[in-house]
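The values are calculated or read from the model by the stated rules, or taken from the named source; none is laboratory data. All values derive from a computational prediction rather than experimental measurement. Note that each Cβ is placed from the backbone with ideal geometry, even for glycine, and that neighbours are counted across all protein chains shown.
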Amino acid sequence: MRNEGKDPDPLAEYSDVALAQLRRAQPRLDPDAQARARVLLRVQAAFEAQLRARRQRSRRLGFAMAAAVALCVTSAALLEGILSRPLAPSAVARQFTVDALHGEVLVVDSEANEPQIAEAGTRIRAGQRIHSAPSASVSLRSADGLRVRLSGGSELRFRNDGAFALEQGRVYLDTDAARTPAEKHVLLRVGDAQIENQGTRFSVSVQGTALAIAVRSGSVSWAEGRDRATVQAREHLQIAAGRVIARTQLEDLDAEFAWTLAAAAFPPPGTAMAEVLAWYADETGQALLLAPGVDRLLSQRIEGVSQAPEPRLRVQALLAASGLTMRETAAGISVECVDRRDCG
């Protein structure tokens, strides 16, 4: 209620006008909720600061009303200026190509009526979604070295700002081959959660409100609302309804976690053992450490392939048949001769 005989408070009387302008402008902002909140707070704070300064200089009603109207216009111009400046991109905008796939994989374009059936070589552009059938998987690669893999029943959206949005399923991202810090940076959104990395191999899966992050190397940051967490290499973080519920260690990365979600088909019979090892190293993201003298045995061509479910067990069986053995350590894949005399 207005006090009789006193000048009206222009801040109290006209702040709702500014807020109404801000709300009308809000849909034009970037969909990033945090960025939108920062912009709105800046404009509102500037508006209210100017109103208070005007009020202190003059308590006259007519001047206060004129000032309030002028400041509304000024605030709108300020907001327009902020909106006209492009926000810094949250990630590098990349072009992707389907590297390998198994089963039915669809590329969905909001502008197209029918989804496109993906095949090796299909290009994915910003604004499109890629969807893998329940038993399918797909591997994509960008020109700057980022590798993206989707397991079955997954859907990933390639946002216009360069970020990814995981709608369902599981994605594995490998930025190890990228060259610059900007190229290694990845921003992944899952609902209201934001996940960022810098030169990392990591996996993210979502089911309903449950989210899981597993980091193979490097570190990943997770943020949702006011909650924050950093996931280090060999850690597995479980999140439900925006809260961390468990943090565990991944003791045996390859045994506990299927990193090769969309691995290219296992090399067929007739492939040289050296090519099989190169395939395995590439798919698991490890370095090859060859003992002196193993080159001759690696030139042998494989005659058959084990039916073991894990690629690692298949490779071990083929190496054993060739007189070789391998050990996987933090440094990489060490390959040696079973009988050192064969490597002499």
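Quick notes on this structure:
- Extreme residue, modelled with the highest pLDDT, among residues of the range 201-229 that are polar (S, T, N, Q) and either over 19 Å from Ala163 (Cα atoms) or in contact with a Lys or Arg (Cβ under 8 Å, 6 or more places away or on another chain) (or both): Ser221
- Scanning the range 255-290 for residues that are modelled with pLDDT under 70 and under 21 Å from the mean Cα position of the chain (by Cα) returns Phe257, Ala258, Trp259, Thr260, Leu261, Ala262, Ala263, Gly285.
- Whichever residue in the range 286-331 is part of a helix (DSSP H, G or I) and in contact with a strand residue (DSSP E or B) (Cβ under 9 Å, 6 or more places away or on another chain) and, among such residues, is surrounded by the most Cβ atoms within 10 Å (Cβ to Cβ): Val315
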